[in-house]
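Heads up: the structure comes next, in structure tokens.
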Amino acid sequence: MARPLPLDHHRVRWGRLSLQPSPGRQAREPYSSFVATRSRSFERAAPFYDQTRGLPGPAVAEVTRLLVAELTGRGRGLEIGVGTGRVALPLHQAGVEMVGVDLARAMMAVLIEKAGGAMPFPLAQADATALPFPTDSFGAGLASHVFHLIPGWREALHELVRVVRPGGVVLSSRGGSAGGSVLRAVRTRFRQEVGSRAGHLGAEHGSDEVERELRELGARGRSLPVVHASRTTTIATLIDGLEAGHWSWTWDVAPAVLRDAATRTRTWAETERGPLDAPAVVDTEVRWRAFDLP
Ligand SMILES: C[S@@+](CC[C@H](N)C(=O)[O-])C[C@H]1O[C@@H](n2cnc3c(N)ncnc32)[C@H](O)[C@@H]1O
């Protein structure tokens, strides 16, 4: 379904997207493109996304340093599923020329707000499976926590490779793992309590299928150094967030089912882990892979 949106001070020719804002004008609205898939748009997550997914400052600085080293000298980078700019905004601030697309305008609105109210770099509401850019337009493509949300993730991957020039790089992260941490234990229990109704729509989170597909496209993968981050919260807060639907795999589950699952998870946690309001450390390992394109 095409969604006409106010394009008050930008002229966009899809297929040959002009990435330059008009001189002297500052855009406050993302461009709009054709949006067609059943992917998980994060429209509803905008108010709580940064609060629940944000990394501590030193970890952001470290991830940014690693990505800047990969991106410098390559020209423009495109991030699909750019969201609130958790990754792209620090890159832009570090001097990397970025472009972002996302299905969710509310997420990009947070990005624009964080940047002071004007689009810091070109943003478009567009579907990663049908990118509104010509072939070979970018020196790099980025995808962070996104392929598991797209039923047509293979198309999205092929699109990303299409718009990145030969010899360019695709940088991908499928999400911080919380190995052995309290978050993983609570989430696993909650998931069991919810039952089989919950799940992701796209690439399997824990599997290497995105990587295998990239290898079939001729890309060679490298691991970037793992960045460790930890924050302190409480089990009560973690369960409240699961019940409130802060995680996209719960979005097809009825609120009453989430409520019951949360009640049972609280009972389990009190027995197995102690007081719900005691401080709990959540460890995250942020892993990025770089894929050099032929
Ligand atoms: C988990 S968030 C990740 C945001 C950002 N990359 C980050 O790491 O913080 C995933 C984002 O992908 C967007 N998204 C999901 N499916 C998409 C699609 N088919 N095309 C473009 N964006 C999509 C969602 O709206 C959401 O903003």
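Values in this text are rule-based calculations from the coordinates and carry no lab data. Given the structure is predicted, the values throughout are model-derived calculations rather than measurements. Virtual Cβ from ideal backbone geometry, glycine too; neighbours counted across all protein chains shown.
Using the count of nearby Cβ atoms within 10 Å as a rough guide to exposure, how do Trp153, Trp268 rank from fewest to most?
Trp268, Trp153
Taking the number of other C-beta atoms within 10 Å as the exposure measure, put Arg165, Arg222, Arg189 in order starting with the fewest.
Fewest-to-most ranking of Arg165, Arg222, Arg189: Arg222, Arg165, Arg189.
Full extension from Gln192 to Ala278: what is 0.36 nm times the residue separation minus their Cα-Cα distance, to one decimal in nm? If you can, show how the numbers build up before the last one.
On the way: separation 86, 0.36 × 86 = 30.96 nm, distance 2.33 nm.
Length difference between fully extended and current span is 28.6 nm.
If you take all C-alpha pairs in region 194-294, what percent of them are over 19 Å apart? Don't jump to the answer; show the numbers that get you there.
Values: 3107 of 5050 pairs.
Considering region 194-294, 62 percent of its Cα-Cα pairs are separated by more than 19 Å.
Which part of region 129-171 falls in the paramagnetic zone of Glu43, meaning amide N under 12 Å from the point 7 Å along Cα-to-beta-carbon?
Under cut-off, by backbone N: nothing.
Tell me the label-point distance for the pair Gln51, Thr233, using the 7 Å Cα-to-Cβ offset, in nm and rounded to one decimal.
1.1 nm
Considering all alpha-carbon pairs of region 71-177, what whole percent are spaced by more than 22 angstrom?
On the way: 1352 of 5671 pairs.
Counting pairs separated by more than 22 Å, the tail of P(r) holds 24 percent.
Report the extension gain between Trp247 and Ala130 in nm, rounded to one decimal, defined as 0.36 nm multiplied by the number of residues separating them, less their alpha carbon distance.
Difference between extended and current length: 39.6 nm.
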